[in-house]
Each structure stands twice: as structure tokens, then as C-alpha cells.
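Peer 1: So that we are looking at the same thing, I have put the structure below in C-alpha cells.
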Amino acid sequence: MSGPATTTRGTMAPRFNGVDFYDTASLLSEEERAVRDTVRAWVDDKLAPIIAEHYLEGRFPLHLVPQMAELGFFGANLPEEYGCAGLNNVAYGLIMQELERGDSGVRSFASVQGALVMYPIHAFGSEEQKKRWLPKMAAGEVIGCFGLTEPDYGSNPGGMITTARETKDGWLLNGAKMWITNGSTAKVAIIWAKAGALDDPSSIRGFVVPTDTPGFSARDQRGKLSLRASDTSELVLQDVKVGKDALLPKSKGLKSPLSCLTQARYGIAWGAVGAAMGCYEEALSYAKQRVMFGKPIAGFQLQQERLAQMLTEITKAQLLVLQLGRLKDRGKATPAQVSLAKRNNVNMACEIAREARRLLGANGILVEYTAMRHLANLESVYTYEGTHDMHTLILGEEITGISAFE
Amino acid sequence: MKIAVCIKRTPDTETRVRIAADGVSLDETGVKFILNPYDEFAVEEALQRKEKAGSGEVVAIALGPDVAQETIRSALAMGADRGVLLKADKVPADALAVAKALAAELKDGGYDLILFGKMAVDDYNHAAGPMVAELLGLPCVTAISKLELEGGKGVAEREIEGGVEVVEFALPAVLTAEKGLNTPRYPALKGIMAAKKKPIESRPAALGPARVVVSALALPPERQAGRIVGEGPDAVPELMRLLRTEAKVL
Amino acid sequence: MANVLAVTEQRDGGLRKTSHEVVWAARQLADAMGGKVDALVLGAPGVGAAAASLGEVGADRVLVAESAAFGKYAPDGYAATAATAAKAGGYAAVLVAATATGKDLAPRIAAALDAPLATDVTAVGSAGGKVTATRPVYAGRAIQQVAFDAPVAVVSVRPNTFVPGKAGKPGVVEKVQAMEVARVVVREVKAAAQGRLDVAEASVVVSGGRGMKGPEHFALIEGLAKAFGNAAVGASRAVVDAGWRPHAEQVGQTGKTVSPQLYVAVGISGAIQHLAGMKTAKVIVAINKDKDAPIFQVADYGIVGDLFEIVPRLTEEIAKARTG
């Protein structure tokens, strides 16, 4: 006879209870809470116990992909007719929030698969392409990657030099991409290339390229100190021939890949809240138990200030993304609004992770605690999907009407 | 295969217990409610049995206030087909009163299996399942950790102190689930969306008389602070003395 | 009528320890109400011989129901027999021990008698002619007081809580009819892998935690438990998760809740979820090298130091105390 079952799913994993100082749960629908709870429980049971090992080894936990697919995490806000969960954007955001509380690298996998691969196929693809790829991607049977960034073109994707030359039977692609999440495991790559002159960003088009096409190669980038439980690869396209049906027919100009980024950035703004909540909870729990000079360190003023500051930033960020999600569901969220959220939330998460690491003292450098892994991961999140500085300029242009990019 | 699962909406097991102003119940402010963890094993078992049989229906039945529909929807999100709410503003502390209402609902349902979690994590009664079986005159095995069904007959295992009982019975039967009977599935996100469209019937619970009256609910007494007797093995004789003369456990 | 019926439990023809506890509890209740205690023994033919000892813990009569079908637990038969005996005797209360069997049996008896039930109670009494009981709820985080609004109540009592004293009563043995109805049949009882004393039943529990540093060192814990004679070995969640000890030994919120007379926590820091499983022990002793370990806040007595030195010494002293 065993004692009481206390965790759901009958497991014994410690449970994350969230951080919700302003009762944002009451602003969610019953389904949104249920979605959050499923992902939260899955992360507790399946991701949290194994992530330290994968992070240290620099290995993405590929075995989790079928589970994530079965639960419906990929392309969750895309329609049911393509095998997706058909959730609203707030529920999608909650998935990203809970995944990132587990690990930014695993959340990056889901962001790429959903927002950067399935989304462009849904937004710019033909019906045939949608039917061919989306259900399999939702099921995790086909993993995709998004090839936009190049070795010399990061913040300035319009300057890309990957080319697509139209041929009798299709297209010939040449170029190189870098910093591509899922690159080495992907079966399919969404490659953005210029179909016209190199100085003409309006000629950018999207192509669905099977990665086993001759001339296509992917190689993992080594020596990463961040997002270690994620595959980050270089892609090389050397005279890669694809058929006419590889082109995403509705893709046109830089706006197309940028709109995909906006989707991903939206999810990342939520994800950052998850990472921050995880760091805060861990720091608070530690502070209450760690005794120094005869009392828990939670009783010292400097630590209370740290915790109060963390909680304040988390609370602000939660309300920010929730309203953004509601706007998005009404079809009214603008890219600049998404930039504001990504910029603010990722920055605050970086700071919270750092402060949590410091509160944990020497223990904070051990992988057994999550703060330093989050801290390292969030540096990538700060830089990718539009660096903090780029979002600053996006907002600046939006507010003033004057571009300060060049 | 037609299967009923009786479920309960209970406070989350990590709830910090506060006594309500009435002195006899839990203060529910800020309390998160969940599907009773033991009932998850029952729901999962029902779903697996239906899947194995190839066809059938899983009905989730809850007795409780209106808001218990959320709990029924958790079971629907896992895959149950429909739900029934037996409405009662307060769930009585009297397990037999509850069992009578459940038995009245189950009686003519034609169920092959009626499943419960072995107990609820709030009241710890361990009673509703076997009481329903007794009222309906059905075979019942409680706290099962293993189950085999074949051709209208079943064999279940249950842990007892220092052993495992192997119990045989015929269907229809009432079974209550112990932790570890199976691994409950997470409600898939599609399932959560589908649950909104599945029917839940609601009717007043035909409760029996509530003859267990809670006269008080209180926090347990704090243990008195103890003391460190000494350091190292040399402290053992003093510990022995205290255990013998003061604590009187030796 | 303020008489109490105590339903006992036997295994392989011998009365289990909890049988004396439940009769003792019935004796306390009957004395409070000015009534008698009848004990009910159900088992295979010949089980009546074991019944004699029940007078020593307070049984005025011992009702014996023997049947070939009753050697192993027969849920429907036991329930019907007990309910029939209860109706015939007009008792104010029917007590059962809240063992694995008792938790199965008590609700069936209650439903058959159409009587209210309170389970796993830690105290039972009477007030204004009504039977009352005290029981833990919410995993022991609250204590409930209940009263019964009916002529007869069924109550299951928590093991290890009603420690029997002496109350010499006649214990006159009478045969009663065994009702052989069976909707389920216990075909066999498989022995547990190790046949050890169960942690939830022992009156002394010696538990080891991460401080033991490895599964091989649990021999120290087993040695100390053996020195006590009647002790079970328990384990913290950390060592069970690490695979050093089986889950059946786990004490804590996701393991078993135990209420022994003495709980010795060795190399256990005292995380809240562990405390939830043992803080109702009568006496808690903690041995840990960290004087700030939370376990010391809950322990009645603590020794700070190296458990690898302390435990052997304690084992020696306990063994001496038992033999000397």
C-alpha cells in the first residue's frame, strides 16, 4: 500500500507551481489553463529530470519529439484540418512559456518547427504543400529548419547572398546559412534566397528544400556555451536543384521571412516569462531553506530586494504578453508591439537569471540548479530573433517615423 | 465496452490548509482544484480498456457543485466520451450519502465496469467505491495495482501488508485504482479543445442522509521543539537514557 | 445499548497485531459508553483457538465465524457475516482496523448496515450519547472531529495508534454463522519479495536517507532495525528515486504515511515532503552531520555527527538494552 498520490500522472517529479502574483490565471479561459497545465506537467516529468545531462553533453533530447508531437505542441495555433491543435495565440504563448521554463533550447525547437517552418508553409504555401507537409510536421515525423541568417548577414537579412536561379525544371540554389536551429536533424529546410539581383531584397522567395537533396549539407556548430541542448548548424547549398513545387508561391520579398520571425518572437516573449518564473521560484525556495548567520538568507534585506525586483518584472511581463496575445487573437497585433514584448521580456529574463544565479551563491554555478543554464541560454535568446538593439530601433522607427538603422 | 468512472474535484495536494470561518471546512480562497490524482488512474484504465475492446463508451461521473464540470472536462480532455454531473453544493463528509447518489445514477446504466480512484486526497475516506458495489450487489476489488480482463472475467492484484492478493471476479464489477495501476496520459492539447464539444448532463444528486457530522476541523498541534542531545557516538548513552526514562519508548 | 463490536483480522490462522489494537480501542469506547465489547474473529476452521487472547485486551465475548472459505480474506463473506452479527447484537459501534484489509472491509460493512462510516481514526469516544471520532484529513494537514447521527456507526482505527494495555475480560467464545456469499474470490496471496515488516505497521521505524552515501551502507540501517527487534526499514524519496531501496519502504508524501512509536531518521535532511509522512510519530530521533538540517526542528532528540560512527554505537546499545 503506498501513500497518497500527490502529483498528477502518478510520477514523483517535483512540481512547478508557477508564479502568479496578480492572479493572471483568472484572466485565462479554462482551456488556456488546461493547456498550460498539460505542458507544465510534461516538462516536470519528462524534460526537467533529463535536461542537465543533455545540456552538459551538448545533445538535443530528440527522444522527446514524439511525445511533444503527440501532445500537440507543434504548430499548435495552426488549424485542425492540418493535424494541428487549433489553439488561440494565448494558449500557444502558454506552451512556449512552459517549455522555456524547462529549457530555452527545447523551446527553440518548438518555435522553429511551429513558427518558422509550419507557419510559412501555411501562410505562403499552396494547398498541396500544406497538405503534404503540415500534418507530418505536427506529428513530429518531419522536422524542419528555417534558413534565413547567413554568416555575413544577421541583423541585416535583406543583404543575403543566397541565390535562387530559375531553371527549366525548377530552381538552382546556392549559398550558405548559419546559426540554424534544428539544421542537422531537419528533413526539410525553408530556405530564403534571392531570385533576382543581389541588391534587390524584394526578390527574396521561400523554398521548401528536402535536406537529402544532393548539394545540401548541414553541420553542427561546435563550441557553444549557450543553447547547448539544441542543434545549431551551418547549412551549405551547392548547386541544389529543387522542383518548381519547392517554391512557396505566396512568398514575396523580405516581408515574408520577417512575418515568420514576428510569429516566433511572439512565442519567445512568452518563453522568457517562463524562464524568469523558473529562476525566481528556484531562488525563492533556496533562499527560504539556506541558513546563514543563524537565519534563512530570505530574511536578509539585500536578498528580499532581489526577490521583490524579480517578482515585479515577472508580473509586468506576464500582463504584457497576455494583452499582446489577446490583440493577436483579434488580428490586431503589430510587429512593433511584438518587438516591444520580445525586447522587454527577454532582457528582464536575462537579468532575473543573473540575479537568481547570484542569490544561489556557490551552488548557483552547478548544473543541478537551473539559473546558470537559463542565464547562458538567454544570452542567445537576447541575440536571436532580432537582437535587443534591433528591436530598440524597430520601436524607435515606429514611434518617431524616422529610421535609425543606417 | 461501457465503462463509468466516478471522479472527484479535490484541492491540489500542495494546498496550504487554512480553516474556514465556520470552523468545520477548508478555506477555499486561492485554492487550486484538480482531478483527484487517484481518479486519473481510473480514467486512464477506462480509456485503455475501451481502446483494447475496440469500441465502447467511457462516462465520467462527478458529484459536486457546478464548477465540478471543469473536473469532468479534464476527464473528457483525456478521452472520456461524455460526462454526468450530479449536482450538490457541498459534497457531504458522509461517504454513504455520496455512494447512494452514485448508485442511483449507475444502477440502470448497463456498465461493464465501474471504476473509482481508491480514495480522495481530501477526505481520505477510501469508501465510495466499495459502498457503491455493496449497494448495487456487484463484485468489488479495491486498491488494485494490476488488472487483467478476459471474456467477461477479471483478475486483479492488490497490495496488502507483506504481500499481494490475487482476486478473481466476473463482470460487471466495481474496481478502485491504486497508484501505479497504469501511467495516466496527459490531456493532449487537441483533447482539451475537443472536450469543449463533448456533452455533460447535469442533474441534482439524489444524496442519502448525511449522518457523519463534522463538528470541527483544526490544524494539527505543532510538535514541541526537541533538542540536540549531543555530538558523535558519545552522545548515544544520553540518548538511550532519554528514550528510556523520558520518552518511555524503550 | 452501548456495546461495541470489534472486527479482528487474522492471517494464516494467527491474529494480527492490529486485532489487539482494535479490541483495545473498542474497550475504551465501550467503557466510555457503559457497554460491553464483542470481538469478531473470521477465519478457517480452528481459528477460534487464537481467540482466547482477546479477553486480555478487553473482549467480553469473542464471536467466531469459521469457514473453509474464510482462510484468506473473503470480502463479501466477511462483510455479510459482520453485518449480520452487528444487526443481531444491536451495537452502537462497529470497529475495524484500517489495515489494507480493513480499508476494504469497513465500507462494505457500513453499506450493508446502512450505517455512517469514519475511516482511519486516531481517537474515538462518545459525547451526548453519540459516537465521536477524530481523524486526519488533507494528508494529515488538518484534523477532523466527527459525530454520527445514527444508532450504529462504523469506524476504522489507524494502526499503531491504540496501543493495547491490559483489561482482563472473560473473552467467552461463541460460534456465529459464517455467511459464505462471494462475489469475488481471493485466489492466492503472493508473498512480498522480502517478507519484511511493513513500514506502515511497525512500531519502530529506522529510515535512511541520502546521507547513507550508497545502497551498500543500508546494512547499517538494517542492523539497527534488527537490534530493535520489531522495527521496519524506511527510506527517503531520494534514495528510492536513486534505486537504492524499494518504493514500498518510502516514507513521505509520495510514499507511506507512518505513525510509529519511534521514528529514527538517519542521514535524512528533513524535506517537507518527507516530514509529511512521519511527523505524527510519537517520538522522533534524528542523526545527521548537519546541525542546520531541517529534520532537527521536528525531532524530539537529535545527535549531530557522523552517522557511520553513531549508528553502530546506537545499534550496540539497543541490542544490549534488549538482551541485558
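Peer 1: Over 21 Å from B:Leu47 (Cβ atoms) and basic (Lys, Arg) - does that describe any residue in the stretch B:106-122?
Peer 2: Looking through the stretch B:106-122, at least one residue is over 21 Å from B:Leu47 (Cβ atoms) and basic (Lys, Arg).
Peer 1: Find the strands (runs of 3 or more DSSP E) located wholly in the stretch C:160-212 whose residues include 1 or more that are surrounded by fewer than 19 Cβ atoms within 10 Å (Cβ to Cβ) and more than 13 Å from chain B (Cβ to nearest Cβ), and list them.
Peer 2: Those strands (runs of 3 or more DSSP E) span C:172-175.
Peer 1: Can you find a residue in the stretch B:145-168 that is under 30 Å from C:Thr134 (Cα atoms), touching a strand residue (DSSP E or B) at 6+ places or on another chain (Cβ under 8 Å), more than 7 Å from every other protein chain (Cβ to nearest Cβ) and surrounded by fewer than 23 Cβ atoms within 10 Å (Cβ to Cβ)?
Peer 2: yes
Peer 1: Out of the stretch A:308-320, which residues are aliphatic (A, V, I, L, M), in contact (Cβ under 8 Å) with a residue 40 or more places away in the chain and out of contact with any Ser or Thr (no Cβ under 8 Å at 6 or more places or on another chain)?
Peer 2: A:Met310, A:Leu311, A:Ile314, A:Ala317, A:Leu320
Each row is one residue, and each column tells you yes or no for (1) surrounded by 23 or more Cβ atoms within 10 Å (Cβ to Cβ); (2) touching a Leu at 6+ places or on another chain (Cβ under 8 Å); (3) modelled with pLDDT under 95; (4) on the phi > 0 side of the Ramachandran plot.
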| site | (1), (2), (3), (4) |
| --- | --- |
| B:Ala4 | yes, yes, no, no |
| B:Arg9 | yes, yes, no, no |
| B:Ala20 | no, yes, no, no |
| B:Val31 | no, no, yes, no |
| B:Asp39 | yes, no, no, no |
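Peer 1: Now a separate question. Any idea which of (1) surrounded by fewer than 21 Cβ atoms within 10 Å (Cβ to Cβ); (2) at pLDDT below 95; (3) farther than 18 Å from A:Leu225 by Cα is the one A:Thr392 doesn't satisfy?
Peer 2: (2)
Peer 1: Let me ask something else. If we only count helices (runs of 4 or more DSSP H) wholly inside the stretch A:73-128, which ones have 2 or more residues that are at negative phi, modelled with pLDDT of 95 or more and within 14 Å of chain B (Cβ to nearest Cβ)?
Peer 2: Answer list for the stretch A:73-128: A:89-102.
Peer 1: Across the stretch C:126-142, what is the number of residues that are at pLDDT 95 or above and closer than 25 Å to B:Glu222 by Cβ?
Peer 2: Total satisfying the criteria: 4.
Peer 1: Search the stretch A:278-302 for residues that are without any contact (Cβ under 8 Å) to a residue 60 or more places away in the chain and pair each with any residue that is basic (Lys, Arg) and not in a helix (DSSP H, G or I) when their beta-carbon atoms are under 9 Å apart and the residues are at least 6 apart or on different chains.
Peer 2: Pairs found: A:Pro296/A:Arg290; A:Ala298/A:Arg290.
Peer 1: Could I ask something else about it? Give B:Val84, B:Val132, B:Val98, B:Val58 a once-over and let me know the one that is under 18 Å from B:Val5 (Cβ atoms), in contact with a Lys or Arg (Cβ under 6 Å, 6 or more places away or on another chain) and of a type in the set (Val, Ile, Thr).
Peer 2: Only one candidate qualifies: B:Val58.
Peer 1: Can you name the residue in the stretch C:307-324 that is more than 7 Å from chain B (Cβ to nearest Cβ) and of a type outside the set (A, V, I, L, M) and, of all such residues, is farthest from C:Gly229 (Cα to Cα)?
Peer 2: C:Phe308
Peer 1: From (1) buried (at least 20 other Cβ atoms within 10 Å of the Cβ); (2) within 18 Å of the chain's Cα centre (by Cα), pick out the condition that doesn't hold for A:Leu235.
Peer 2: (2)
Peer 1: Go through the stretch C:107-120 and give me each residue that's touching a Ser or Thr at 6+ places or on another chain (Cβ under 6 Å) and either surrounded by fewer than 24 Cβ atoms within 10 Å (Cβ to Cβ) or part of a loop (DSSP other than H, G, I, E, B) (or both).
Peer 2: Correct list: empty.
Peer 1: Further, regarding this structure: Under the condition of being more than 30 Å from B:Thr15 (Cα to Cα) and part of a loop (DSSP other than H, G, I, E, B), which residue from the stretch C:121-141 is nearest to the other protein chains (Cβ to nearest Cβ)?
Peer 2: Taking the candidates together, the pick is C:Gly128.
The values are calculated or read from the model by the stated rules, or taken from the named source; none is laboratory data. Note that this is a predicted model, so its numbers are computed, not measured. Reconstructed Cβ throughout: ideal geometry from the backbone, glycine too, with neighbour counts over all protein chains shown.
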